[in-house]
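The values are calculated or read from the model by the stated rules, or taken from the named source; none is laboratory data. Since the structure is predicted, the reported quantities are computational estimates derived from the model, not experimental observations. Neighbour counts run over all protein chains shown; Cβ positions are idealised from the backbone, glycine included. Please note that ligands, DNA and RNA were not included when accessible areas were found on the heavy atoms of the full protein model with its side chains. Shrake-Rupley method; radii C 1.70, N 1.55, O 1.52, S 1.80 Å.
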Amino acid sequence: MKKGFGLILMGMYVLSTVFFCGNLQEGGEMGFGGKKLTAADFGVMCISTSYPGFSMDMADSRDNDKSSPEDYDGSSTGDVEIKALDAEEKPEPVIFGDDPAVLIVHTHATESYMPSSQGNYHTKKKENTVRDVGDVLAQTLKDEGIMSVHDLTLHDNPSYSQSYSRSYKTVEGLLKKYPTIRCVIDLHRDAISSDSKAKTVSVGDRQCAAYSFVVSNAVSTYDDNLKFIKRLNKEASNSYNGFCGKVLKRGYRYNQDLSDHYMLLEIGYNRNDIEEARNTAEVFAKVLADTLKAGY
């Protein structure tokens, strides 16, 4: 029965994709709700109406190495965007107290870095994982005068399926518990093949892992989330000689409807050494702190 149902779902996906490929060849992309929609996205939508968990978890592979026409590198936002940001009315600076202003969670909490390569770079131990990097992020924010909540829940264990559904409930609950939270960070790392070398950037006298943002353009908070990330990149560019995060726009929710300052932050790759990822977390925390203190 389950096998037959799976075949039906796959058939729906294939047929919908084939049907709309002609349209895509003519016009490039379809419009949907003011946003661009690919054939694959439409297929996922068709299936998700009958199988709600599909679009969030089964179709969401976070293939960040495959760029889309909307992807851009935050380090080259261009004079037009910079001038547009500068032209906006500047908010009043903010002084933070003892209440938490940042929430750090991990939808895929078992993701690990070198030297922890066991389990295909996944481990329940905190050392050398994204949770380890999250600790550095939280401590540096504290040193900068901004308190945070760092949630260590293993949303991807014992089952990877529905990780985002589980982290959604966690974030929703913590936002209710801590109404002073202004920014949510879902901290991940990306992955490359075992024979590839992970990218690093020299910041001062330290080697830092490259980082990126994955932004959902399928939620009502998209514009605000993107604007906040552009602000972060502008601060990083000014303070750390262009050490910005690449911005990847995707048509999946990633729970980013829960806040207008919600980011999926990917620090480094599985092949990065943990120290490189920790260094990036420290730099990014300072960028985030300065941006929040400026009132953004």
Note on region 128-265: alpha-carbon gyration tensor, axes a ≥ b ≥ c; rule is a/c under 1.5 for rounded, else prolate if a/b larger than b/c, else oblate; result rounded
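Using a 1.4 angstrom probe, figure out how much accessible area region 127-221 has per residue, in square angstrom, rounded to the nearest whole. All intermediate terms of the calculation are to be shown ahead of the outcome.
Values: 4330 Å² over 95 residues.
With all protein chains present, region 127-221 gives 46 Å² per residue.
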Shape call for region 140-182, from the Cα gyration tensor axes a ≥ b ≥ c (a/c under 1.5 means rounded, otherwise prolate when a/b beats b/c, else oblate), comes out oblate
Under the Karplus relation with 6.51, -1.76 and 1.60 and θ = phi - 60°, whole-Hz ³J(HN,Hα) for region 273-282, x at Gly and Pro, equal 6, 4, 5, 5, 5, 5, 4, 5, 4, 5
In nanometres, the difference between 0.36 nm per residue of separation and the alpha-carbon distance of residue 144 and residue 196 is 15.2 nm
Descending packing, highest mean Cβ count within 10 Å first, for 152-162, 261-271 is 261-271, 152-162
Mean Cβ-within-10 Å packing, highest first, puts peptides 172-184, 210-222 in the order 210-222, 172-184
Unit-weight point scatterers at every alpha-carbon of region 234-296, Debye formula, q = 0.12, 0.25, 0.27 1/Å: log10 I(q)/I(0) is -0.37, -1.23, -1.25
For residue 261, the residues 5 or more places away or on another chain with a placed amide H closer than 5 Å to its own amide H are 184
So the carbon and sulfur contribution to the accessible area of region 138-296, 1.4 Å probe, in percent, is 44 percent
